Amino acid sequence: QTFIDSVAKNLANYISEIKDEYLNLSKIEIANLFSEQWIKYLPNNDTKAILIAYRAYLDYYKGNYDKALEIVKEADEIVEKKDSKEYADILTYQGSLNSNLGNNKLTKDFFEQSFEMRKRLYSNQDHTDIASSLNYLGVIWSEKKDFDKALEFHIVSLGMRKRLYPNKDHQDIAHSLNELGICTNITETTNT
């Protein structure tokens with residue numbers, strides 16, 4: 001069982017590393033096939049749940065948001081309902097997919113739950129997951145047309161990302177700057 005858990009966790013880490021490589025969908029397909037094999041041998045735990053959730057990436061990238069959400073819901077049924085990185089990620093995935101499906105109320109609820117959990121998991125420290133949650137919440141408030149609230153979240157996210165990646169260019173910092181620019185532009189346009 002220890003060996004199975006170790007292989008499954010390594011597979012989950014691998015999928016996490018390649019999930020943003022849009023051009024490598026075949027790698028995700030292959031990894032998904034392997035994960036389906038290993039899931040059979042895992043007890044109902046967080047590793048099994050996150051491997052199931054990662055299977056949703058392929059449908060997500062293909063625009064099959066309903067199907068991807070069903071997969072993530074399956075993972076949500078298995079994950080232990082306690083503070084964990086896996087559970088926070090599954091909540092975030094549900095938020096993102098509901099956003100793509102236009103379910104804004106659910107999106108906000110999932111993002112807020114994930115953010116609160118991540119704050120508890122990484123209390124009193126900067127963490128990339130907290131910065132991402134702050135960014136997601138900023139986007140939600142922008143969509144609700146509360147740009148002042150959105151700016152607050154984006155500013156905090158940018159500050160955290162600058163502390164996490166000091167003196168270097170990083171895509172997360174660029175992303176925060178982009179969100180701030182969009183929000184600031186809209187705020188200035190609506191105030192004039």
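The values are calculated or read from the model by the stated rules, or taken from the named source; none is laboratory data. Just so it is clear, the model here is predicted, and its values are computed rather than measured. Cβ atoms come from the backbone with ideal geometry, glycine included; neighbour counts cover every protein chain shown. Accessible surface is based on the protein model in full, side chains and every heavy atom, while ligands, DNA and RNA are left aside. Shrake-Rupley method; radii C 1.70, N 1.55, O 1.52, S 1.80 Å.
Here is how the numbers come out for the structure above:
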{"read-out": "Residue count for the range 116-126, restricted to those that are open to solvent by less than 40 Å² (accessible area, probe 1.4 Å) and either among the hydroxyl-bearing types (Ser, Thr, Tyr) or farther than 17 Å from ILE90 by Cβ (or both)", "value": "1"}
{"read-out": "Every pair of residues 6+ apart whose Cβ atoms lie under 9 Å, when the first sits in the range 149-171 and is in a helix (DSSP H, G or I) and open to solvent by 60 Å² or more (accessible area, probe 1.4 Å) while the second is charged (D, E, K, R) and at pLDDT 95 or above", "value": "ARG163/ASP126"}
{"read-out": "All helices (runs of 4 or more DSSP H) inside the range 1-98 with 1 or more residues being open to solvent by 30 Å² or more (accessible area, probe 1.4 Å), at pLDDT below 95 and polar (S, T, N, Q)", "value": "2-18, 25-39"}
{"read-out": "Condition met for ILE140 (surrounded by 19 or more Cβ atoms within 10 Å (Cβ to Cβ), in contact with a Ser or Thr (Cβ under 8 Å, 6 or more places away or on another chain) and not small (Gly, Ala, Ser))", "value": "yes"}
{"read-out": "GLN113 vs. criteria open to solvent by 40 Å² or more (accessible area, probe 1.4 Å) and in a loop (DSSP other than H, G, I, E, B)", "value": "no"}
{"read-out": "Answer from TYR65, TYR93, TYR87 - the residue that is in contact with a Leu (Cβ under 6 Å, 6 or more places away or on another chain) and not charged (D, E, K, R)", "value": "TYR65"}
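Let's see how each residue does on (1) out of contact with any strand residue (DSSP E or B) (no Cβ under 8 Å at 6 or more places or on another chain); (2) of a type in the set (Ser, Thr, Tyr); (3) closer than 29 Å to ASN64 by Cβ:
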{"site": "ASN100", "(1), (2), (3)": "yes, no, yes"}
{"site": "LYS108", "(1), (2), (3)": "yes, no, yes"}
{"site": "LYS119", "(1), (2), (3)": "yes, no, no"}
{"site": "HIS127", "(1), (2), (3)": "yes, no, no"}
{"site": "LEU134", "(1), (2), (3)": "yes, no, yes"}
{"site": "ASP146", "(1), (2), (3)": "yes, no, no"}
{"site": "GLY159", "(1), (2), (3)": "yes, no, no"}
{"site": "THR184", "(1), (2), (3)": "yes, yes, no"}
